Amino acid sequence: MKETPLSNCERRFLLRAIEEKKRLDGRQTYDYRNIKISFGTDYGCCVVELGKTRVLGQVSCELVSPKLNRATEGILFFNLELSQMAAPAFEPGRQSDLLVKLNRLLERCLRNSKCIDTESLCVVAGEKVWQIRVDLHLLNHDGNIIDAASIAAIVALCHFRRPDVSVQGDEVTLYTPEERDPVPLSIHHMPICVSFAFFQQGTYLLVDPNEREERVMDGLLVLAMNKHREICTIQSSGGIMLLKEQVLRCSKIAGVKVAEITELIQKALENDQKVRKEGGKFGFAESIANQRITAFKMEKAPIDTSDVEEKAEEIIAEAEPPSEVVSKPVLWTPGTAQIGEGIENSWGDLEDSEKEDEDEGGSDEAIILDSITMDTGVEVSNIGSQDAPIVLSDSEEEEMIILEPDKNPKKIR
């Protein structure tokens, strides 16, 4: 299913708003959307929300044989999946150009930057090494997939714990988490991607574009940087020409944003580790706000009922005594009444317009009745010559004439 194209009115509206330095969600030019990080019950599982863009990250590991040219280094593997659940435009079972580009950019950002010490993943040189696999699933697409995916990948790697192993001779022993505590990965730095969208051939710049802004942009610049202001990778797409000053300006902005995001990631990891050590509740279910309808529990609020009687007496003493005047019903017209000091009930009184309509209706009925009586009078005079009794109805709705035959008809000679 192809994505719904933007109309010309929507495109012009978005470009006009960008020219006036306004965005649809109320952000400023260099503002990021809110970032929320949630951890699962298992190590290495997390969900990163960048605005409405959500990415699930899951890290797994296994012992495999190393590569021939790198016998003492572990293996890192990254896989990003775009499902139809995230957006109807993504086709299942087929790698699009966007998916290939995102996977390559992730590998350059995380693996080629040497953010993880791969030599620490070696168990037996040339025989056994750890293969770390990072699976990323896009749950909802609202723009800037690469930034959310890079944050989810590095958070999942920092949160992951691999099983401990020991080597005795040629025997490799793998310990369960109950026998020995799992071992975290050795991470040197945390590279994070920051996306910049350019409009009007590089005249206007936006940070963290959403899905609609990505549709009308002319080019995209992605900078991967760590908190030490070291550029890990850089990629420009869209075919626009950028000046040196523009790239330097973007690098300065990226340095500030990466420092803020890194601090947020470290705080989230510390909070999760603290909760796990204290034996508290953790996982995706605990990250749901209690005010939402999806929450199945509410925290009990303590209520102090020790001095309820004293407070009640104080409230009664301070309150004004009720008035002794009791309002009596007022009868305006038969069938209506008013009690209290409210607005007078005028149901029984006819308005001027209703009175006029009633007067006009009465005159018309009078004319109609006169004509009916005239007609019936002629009929009576005509029929009366035949000596037949006539009974007229008193109903105003319709005139009924009942003719009864004479009981003793006259003999005709």
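The values are calculated or read from the model by the stated rules, or taken from the named source; none is laboratory data. These numbers come from a predicted model, not from an experiment. Here the Cβ is made from the backbone with ideal geometry for all residues, glycine too, and neighbour counts use every protein chain on show. For accessibility, only protein heavy atoms count, side chains too; no ligands or nucleic acids. Shrake-Rupley method; radii C 1.70, N 1.55, O 1.52, S 1.80 Å.
Residues in the range 60-98 that are out of contact with any His (no Cβ under 7 Å at 6 or more places or on another chain), more than 30 Å from residue 165 (Cβ to Cβ) and of a type outside the set (S, T, N, Q): 82, 85, 88, 89, 90, 91, 92, 93, 94, 97, 98. Summed over the range 177-200, residues that are part of a loop (DSSP other than H, G, I, E, B) and either within 30 Å of residue 217 (Cβ to Cβ) or open to solvent by 60 Å² or more (accessible area, probe 1.4 Å) (or both) total 10. Within the range 125-142, track down each residue that is in contact with a strand residue (DSSP E or B) (Cβ under 6 Å, 6 or more places away or on another chain) and open to solvent by less than 50 Å² (accessible area, probe 1.4 Å). Residues satisfying the conditions are 129, 130, 131, 132, 134, 135, 136, 138, 139, 142.
Within the range 97-125, residues that are under 23 Å from residue 137 (Cβ atoms) sit with their Cβ atoms under 7 Å from residues that are among the hydrophobic types (A, V, I, L, M, F, W, C) and part of a loop (DSSP other than H, G, I, E, B), at 6+ positions apart or across chains, in these pairs: 115/190; 116/185. Among the conditions (1) of a type in the set (A, V, I, L, M, F, W, C); (2) surrounded by fewer than 14 Cβ atoms within 10 Å (Cβ to Cβ); (3) more than 20 Å from the chain's Cα centre (by Cα), the only one that residue 115 does not satisfy is (2).
Does residue 37 qualify as being more than 23 Å from the chain's Cα centre (by Cα) and open to solvent by less than 50 Å² (accessible area, probe 1.4 Å)?
Values: more than 23 Å from the chain's Cα centre (by Cα): no; open to solvent by less than 50 Å² (accessible area, probe 1.4 Å): yes.
Taking the combined requirement at face value, the residue does not satisfy it.
Evaluation of residue 15 against the conditions (1) hydrophobic (A, V, I, L, M, F, W, C); (2) modelled with pLDDT of 90 or more; (3) open to solvent by 50 Å² or more (accessible area, probe 1.4 Å) shows that the sole unmet condition is (3). Residue-level analysis places residue 151 outside the set of residues that are touching a residue at least 12 places away in the same chain (Cβ under 8 Å), out of contact with any Phe, Trp or Tyr (no Cβ under 8 Å at 6 or more places or on another chain) and over 20 Å from residue 44 (Cβ atoms).
Which of the residues that make up the range 166-176 are in a loop (DSSP other than H, G, I, E, B) and within 17 Å of residue 62 (Cα to Cα)? Listed by number, the residues that qualify are 175, 176.
One residue is enough: does the range 221-229 have a residue meeting the conditions outside any strand (DSSP E or B), surrounded by 15 or more Cβ atoms within 10 Å (Cβ to Cβ), in contact with a Cys (Cβ under 8 Å, 6 or more places away or on another chain) and at pLDDT 90 or above? Break it down stepwise before answering.
Initially, the range 221-229 is screened for residues outside any strand (DSSP E or B), giving 226-229.
Cutting the leftovers down to surrounded by 15 or more Cβ atoms within 10 Å (Cβ to Cβ) gives us 226-227.
Those left that are additionally in contact with a Cys (Cβ under 8 Å, 6 or more places away or on another chain): 226.
This time we only want the ones that are at pLDDT 90 or above, so: 226.
Checking the range 221-229: at least one residue is outside any strand (DSSP E or B), surrounded by 15 or more Cβ atoms within 10 Å (Cβ to Cβ), in contact with a Cys (Cβ under 8 Å, 6 or more places away or on another chain) and at pLDDT 90 or above.
Scanning the range 154-169 for residues that are in contact with a Phe, Trp or Tyr (Cβ under 9 Å, 6 or more places away or on another chain), surrounded by fewer than 19 Cβ atoms within 10 Å (Cβ to Cβ) and of a type in the set (A, V, I, L, M, F, W, C) returns a single hit, 165.
Using the structure shown, decide if residue 217 is over 30 Å from residue 15 (Cα atoms), hydrophobic (A, V, I, L, M, F, W, C) and open to solvent by 10 Å² or more (accessible area, probe 1.4 Å). So residue 217 fails the test. The residue that is farthest from residue 34 (Cα to Cα), among those in the range 46-80 that are among the aliphatic types (A, V, I, L, M), part of a strand (DSSP E or B) and open to solvent by 40 Å² or more (accessible area, probe 1.4 Å), is 63. The set of residues in the range 93-107 being open to solvent by less than 30 Å² (accessible area, probe 1.4 Å) and under 24 Å from residue 43 (Cα atoms) consists of 103, 106.
With the requirement that a residue be open to solvent by less than 60 Å² (accessible area, probe 1.4 Å) and outside any helix (DSSP H, G or I), what does the range 239-250 give you?
Keep residues of the range 239-250 that are open to solvent by less than 60 Å² (accessible area, probe 1.4 Å), which gives 240, 242, 246-247, 250.
Of everything in the range 239-250, those that are open to solvent by less than 60 Å² (accessible area, probe 1.4 Å) and outside any helix (DSSP H, G or I) turn out to be 240, 242.
The condition of being surrounded by 15 or more Cβ atoms within 10 Å (Cβ to Cβ), at pLDDT 90 or above and of a type outside the set (Lys, Arg) does not hold for residue 90.
Can you find, within the range 261-271, the residue that is farthest from residue 147 (Cα to Cα) among those that are in contact (Cβ under 8 Å) with a residue 40 or more places away in the chain and open to solvent by 30 Å² or more (accessible area, probe 1.4 Å)? Steps first, please.
Of the residues in the range 261-271, the ones in contact (Cβ under 8 Å) with a residue 40 or more places away in the chain are 261-262, 264-265, 268-269.
After this cut, where a residue has to be open to solvent by 30 Å² or more (accessible area, probe 1.4 Å) as well, the list is 264, 269.
Working: 264: 15, 269: 19 Å.
Among those residues, the one meeting the criterion is 269.
List pairs: first residue in the range 177-192 and more than 19 Å from residue 41 (Cβ to Cβ), second residue open to solvent by 50 Å² or more (accessible area, probe 1.4 Å) and in a loop (DSSP other than H, G, I, E, B) anywhere in the structure, Cβ distance under 9 angstrom, at least six positions apart or on different chains. Listed pairs, sorted by first residue: 188/114; 189/114; 189/227; 189/228; 189/230; 190/227; 191/230; 192/227.
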